[in-house]
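The values are calculated or read from the model by the stated rules, or taken from the named source; none is laboratory data. Just so it is clear, the structure is predicted and the values come from calculations on it, not from any experiment. Positions of Cβ are backbone-derived with ideal geometry, glycine not excepted, and every protein chain shown enters the neighbour counts. To get the accessible areas, we keep the full protein, side chains included, count just its heavy atoms, and leave off ligands, DNA and RNA. Shrake-Rupley method; radii C 1.70, N 1.55, O 1.52, S 1.80 Å.
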Amino acid sequence: MIKKAFRFQTAKVGRQDGERARLKVVEGPDKGAVYVLISDIATLGRGENADVVLMDLKASREHAHIKWDGNQWSVSDQNSANGIFLNKNPVKTSIIKSGDFLTIGNTSFEFLDSTTSTRILEAIPSQLHNQRKKTDKEKIEEMKIEAITSIGGIKKFMDKVSPSGEKNKRPLIYISLIVVFGFLLFLDDGKNKAKKNVQTKKEVELDPNYRDLSSYLPETKNPVLNKSAEKFFKLGFREYQQKNYLRAKKHFETVLQVVPTHHLARLYLTNCKKAIDEEIKFHLMQGKRGLASGKLKSSHGHYEAVQRLLHTDQTSPAYIEATEQISTVEKKMKGEM
């Protein structure tokens, strides 16, 4: 399933790559969270297949759709049990503008389009992947490396840097000497930069408040992999601090796919799994208590929380138990038991 929205525990999150709009929860069980929409259409509801998943028991599984038609945003009720309200007025389908308040069950959102959210939110680095085009300088640097390793690379590099694209007719041995000489300079320059970086790191580490996440990464021969792992580790670390253990777990697993020897990512991954296991045990226990005491809606919500936590492992005994108990709770709610 293609991801259409991202949930953050705090509203103080900068504009994301591909952001179309956002829904800030101002009232309800998810109060304080913000959902960033990265698609022109998203489903809101309590079901695990919804793009904006709510803990609200009064929300239907597929409660409403929010959609961009190229000119304006609109929201529509999807035959929900409790309907939708826009600025406290009941609506079936309506245009929604930045600053409007949308209510679903006990949950109220403040809707912000991408233009508004860009103006009012803090400018911090994006938490989604940031892809950019390589500069000409970076392309030439890649050609240098390719030139060192292959004859075809030498020719390609010389064609690139020669004026007007004219092909260099000098003897291959002469070109090879130039490239080797350039490579030696490149290595020497790299050593100097490394020394400079070590000195800078020592100076920075004198500051007791400094925390360099990249220092957690083990050295690899491929700097591209190192940067990629660093990016995912930072994402996982932020989610871990906000106790979004399920999202943090996915990021740390990605780090270990890129750099299997990343010991800190493995440690945090273990901690995430323990925290998720504790949440599952808590929800199962509360679900049983609710069922025993007749608090069926509360019990239903706790078992659904277990399903969300284990949606990628539906063969888990806990997931199977939660599914069976949901069926039991729903039958009791309908008076069939």
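Annotations for the structure displayed:
- The strands (runs of 3 or more DSSP E) located wholly in the range 1-81 include none with 3 or more residues which are open to solvent by less than 30 Å² (accessible area, probe 1.4 Å) and out of contact with any strand residue (DSSP E or B) (no Cβ under 8 Å at 6 or more places or on another chain).
- Among residues of the range 9-25 that are under 23 Å from Tyr240 (Cβ atoms) and small (Gly, Ala, Ser), those with a beta-carbon under 6 Å from a residue that is in a loop (DSSP other than H, G, I, E, B) and open to solvent by less than 50 Å² (accessible area, probe 1.4 Å) at least six positions away or on a different chain give the pairs Gly14/Leu121.
- In this entry, His302 passes the filter for residues that are under 15 Å from Glu48 (Cβ atoms) and either open to solvent by 70 Å² or more (accessible area, probe 1.4 Å) or over 20 Å from the mean Cα position of the chain (by Cα) (or both).
- Restricting Leu264, Leu284, Leu269, Leu309 to those that are at pLDDT 90 or above and under 30 Å from Lys234 (Cβ atoms) reduces the list to Leu269.
- Answer from Thr107, Thr103, Thr93 - the residue that is in contact with a strand residue (DSSP E or B) (Cβ under 8 Å, 6 or more places away or on another chain), farther than 25 Å from Ala11 by Cβ and at pLDDT 90 or above: Thr93
- Test: residue in the range 274-297 that is basic (Lys, Arg), closer than 19 Å to Leu246 by Cα and over 22 Å from the mean Cα position of the chain (by Cα): yes
- Filter pass, Leu44 being modelled with pLDDT under 85 and closer than 19 Å to Arg20 by Cβ: no
- Residue within the range 263-284 that is in contact with a Ser or Thr (Cβ under 8 Å, 6 or more places away or on another chain) and surrounded by 18 or more Cβ atoms within 10 Å (Cβ to Cβ) present: no
- Failed condition for Thr323, given (1) of a type outside the set (A, V, I, L, M, F, W, C); (2) under 20 Å from Arg46 (Cα atoms); (3) under 22 Å from the mean Cα position of the chain (by Cα); (4) open to solvent by 50 Å² or more (accessible area, probe 1.4 Å): (3)
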